[in-house]
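Everything on this sheet refers to the single structure shown next.
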Amino acid sequence: MTPTYQHHRSIRRSRPLQVSTSKCENRRSSAKAYQPWRWSTVAAWMLATGGLILLGMHSPVLRAEETPGTSFQQFLENAARNMADANRRDSLQPETPPATLSTPDSSSTNDTLALPPEPPEVTTAVQTVAPWWESIAFSGLLQTPDQVSFDLPTVLTDTLETSPRISSVSRRTSIAYEKIVQQNAVFDPTLLLEGGYGRVNDPVGSTLTTGGPDRLIQNSVIASGGFRKLTRRGAVVDLTQELGTLDSNSLFFEPNPQGNSRVSLSITQPLLATSGEVYNTRLVTQASIDSRIAWQEMRSEVESHLVDTFQAFWRLYERRCHLVQQRSLIERGEQIARIVDGRADLDSGPLQRIKVQRRLANDRDRQIEIEAELQRLQVRLRTLVGSPELTAMNQSVELIPLANPEIPKEDIDLKDAIVRGLEYRPDIQAATQELASAGLGINVTRNELKPQLDAVFDAYLSGLRGNNRFFQAFGDQFTEGPGLTATLQYSLPYGRRAARSRVREARYRYQQRSEELRQSLLVARREIETALIQANANFRLRESKAITLQAAIREEEIAMRRWELLAGDGGPTALVLEDLLETQKRRTESEQLFVTAQVSSIISLIELQKAMGTLLMTEGAEPSRCGNTSQIDILKMEPVEIDQLHTPTHVTEWSPQVVGESLIGEFGLIELENSAVDDAASTMERME
């Protein structure tokens, strides 16, 4: 049986070319050979027939060694070869060497034509993808006269030193620390000095006032000095020394003129309400709490600003790689366009040229968008860093980030991440301080609920001499006994409604802060879990995108070889060109997605560190106060690895001794009483 060639390849399915003698396969091959679109096969038969006619016309006499059977056999071989070439052009596979037709023996029914080697197996290692675009991305891309190259540590240092946002939040924290000094200065002693001259010239209505003159005329000169101090337990101490002279026209005034001296001491001590160190240092304690809240807010804002800066840095690197990859896509498309234009007089038609030009136009549009996005990211990074040198540069200066996106994956346990977040997150620390402030309010209002009972003690020493000798009077005041006054002052508003309302308000505020702290814990857990899930997903996605990229590169190579061996305008050949353009686009998209996955994995690690509150420590940035001053600087320290951070101790049992201790860690500033933890309803009943 004469063998016939079959074509079992289509756009969607791929099988090897085979030589078969099966009758059913002959019928399928015949049915496919006479399909309307298979003009190449018909043309081959017409060419073979024309060759036979020409052979008969130009060679009427055969050589003796050539028999008619031999010439016809050669004709069949040529016709079969033409059919194989036509089938190969109609297929979407690379060109294969033409098979020589031979009569099959009885032991074999199928002969397989040689095919190109199968693509190698795609591995899963990310490192197998050669980042050819990195070296180009680290060079100038925007055709600008000046370029500035920098790495991530340089960006971090410049941002900490020159960013106006970081400077602003550090100054705000310094203001909060100055409030502590201002409130603590209330307990500083106050120096009192007074001096003056006085003249009295009053008419008298009684001779007993002056003893005769109708007007009382007195001249006095007085000088006083002393100090007043408020103690931390609420006592007010006032010590004053007076010296003066006095003369009068009264006949009863003796001695005249006279010098006088008087030293007085006054002490007022609250015994119930407004007494105690907790109440009287409440403003200092509140300022201290506010400064700690401001410190945590500063940490949070600095971390947020650094995250924005790091994201801008890595997104700029990403867009630069995308631009390099997009330009490579355009270069490959232009190469195809040159080949198509060069074969315009041979076998390429206008349809192919239009397709290539349309695709190039779309690729150039995308390049313009990437360049614009790259310039916007340069402006954003320049603004976030805030360096005067960068802001002074114009748009013609190109920023080139030097970075290595191949960061190994870090295995972080969820439980450890949550524990670290509870210890280091600024919002949790701030919420804890807010709860401490509410606890302070409870103690203050409970103190004000008591009756007002004050002990007042006054004592004085005085001396008197004639002829304005006030210095001798000053010495005489210590030779005689003092004058004393001691009183108790008591006051209690009827019903104490205002004080009770303030107590209830303070308790409600404490409950509110407690729920806010609980909400902060839940939010922290959610953000840490979400960030950890996203980080793990991005690292897996990076490996997946690497595999996809390798497959896309191999796919483009096969499609390129396939198109180089085919020609024509229309039919499957046009589809081959369209498929080649699509594979080029898919390869570039795979390259861009791989870079995006690399950058996203790094950004997810940064966001995970921020969610745990450890970003500043891991990046080596530490807010610091210089000594006891309020000056705050963000210092660049040695970075700390995540596994080197202190893991807090897990508390499994609550000790009843912690009730009543300070909420802010400073002994004596906030001392909650045991009754402060009682049920609110029972407290209301006791107050009523």
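The values are calculated or read from the model by the stated rules, or taken from the named source; none is laboratory data. Fair warning: this is a prediction, and the values are worked out from it, not measured in the lab. Note: ideal-geometry Cβ built from the backbone for every residue, glycine included; neighbour counts use all protein chains shown.
Quick notes
- Within the range 470-481, residues that are in the same structural domain as residue 242 (by TED's automatic domain parsing) and among the small types (Gly, Ala, Ser) reach no partner that is assigned to a loop (DSSP other than H, G, I, E, B) and surrounded by 14 or more Cβ atoms within 10 Å (Cβ to Cβ) with beta carbons closer than 6 Å at six or more positions or on different chains.
- The single condition among (1) more than 25 Å from residue 222 (Cβ to Cβ); (2) assigned by TED's automatic domain parsing to the domain that holds residue 246 that residue 504 does not meet is (2).
- The range 438-462, residues that are among the hydrophobic types (A, V, I, L, M, F, W, C) and assigned to a loop (DSSP other than H, G, I, E, B): 449
- Matching entry among 135, 168 (being at pLDDT 90 or above and either under 30 Å from the mean Cα position of the chain (by Cα) or under 30 Å from residue 303 (Cα atoms) (or both)): 168
- Test: residue in the range 218-233 that is buried (at least 16 other Cβ atoms within 10 Å of the Cβ), at pLDDT below 90 and not aromatic (Phe, Trp, Tyr): no
- Cβ pairs under 8 Å, 6+ apart, first in the range 347-369 and under 18 Å from residue 332 (Cα atoms), second in a helix (DSSP H, G or I) and basic (Lys, Arg): 359/585; 363/585; 367/327
- Conditions (1) within 26 Å of residue 299 (Cα to Cα); (2) in a helix (DSSP H, G or I); number of the one not met by residue 411: (2)
- Considering residues of the range 225-247 that are in a loop (DSSP other than H, G, I, E, B) and touching a strand residue (DSSP E or B) at 6+ places or on another chain (Cβ under 9 Å) only, the residue nearest to residue 186 (Cα to Cα): 231
- Counting only helices (runs of 4 or more DSSP H) that fall entirely inside the range 571-688 and contain at least 2 residues that are at pLDDT 55 or above and farther than 30 Å from residue 325 by Cα, the qualifying elements are 571-612, 615-619.
- Residue match in the range 261-282 (condition: part of a strand (DSSP E or B), in the same structural domain as residue 209 (by TED's automatic domain parsing) and closer than 30 Å to residue 215 by Cα): yes
- Of the residues screened, residue 341 is not one that is crowded, with 17+ Cβ neighbours inside 10 Å, more than 30 Å from residue 152 (Cα to Cα) and not aliphatic (A, V, I, L, M).
- Wholly enclosed helices (runs of 4 or more DSSP H) of the range 121-224 bearing at least 1 residues closer than 30 Å to residue 279 by Cβ: 164-184
- Meets criteria (among the β-branched types (Val, Ile, Thr) and within 29 Å of residue 460 (Cβ to Cβ)) for residue 237: yes
- Test result for residue 559, under 16 Å from the mean Cα position of the chain (by Cα) and touching a residue at least 12 places away in the same chain (Cβ under 8 Å): no
- Pairs where the first residue, in the range 508-526, is surrounded by 13 or more Cβ atoms within 10 Å (Cβ to Cβ) and the second is among the charged types (D, E, K, R), C-beta under 6 Å, 6+ apart: 513/434; 520/427; 524/425
- Residue count for the range 352-404, restricted to those that are polar (S, T, N, Q), surrounded by 13 or more Cβ atoms within 10 Å (Cβ to Cβ) and within 21 Å of the chain's Cα centre (by Cα): 3
- Residue among 422, 390, 435, 384 that is modelled with pLDDT of 95 or more, of a type in the set (A, V, I, L, M, F, W, C) and either within 29 Å of residue 507 (Cα to Cα) or part of a helix (DSSP H, G or I) (or both): 435
- Yes/no for residue 407 being at pLDDT below 90, within 30 Å of residue 542 (Cβ to Cβ), surrounded by fewer than 20 Cβ atoms within 10 Å (Cβ to Cβ) and among the β-branched types (Val, Ile, Thr): yes
- The range 454-500 - residue that is hydroxyl-bearing (Ser, Thr, Tyr) and surrounded by 14 or more Cβ atoms within 10 Å (Cβ to Cβ) and, of those, nearest to residue 258 (Cα to Cα): 462
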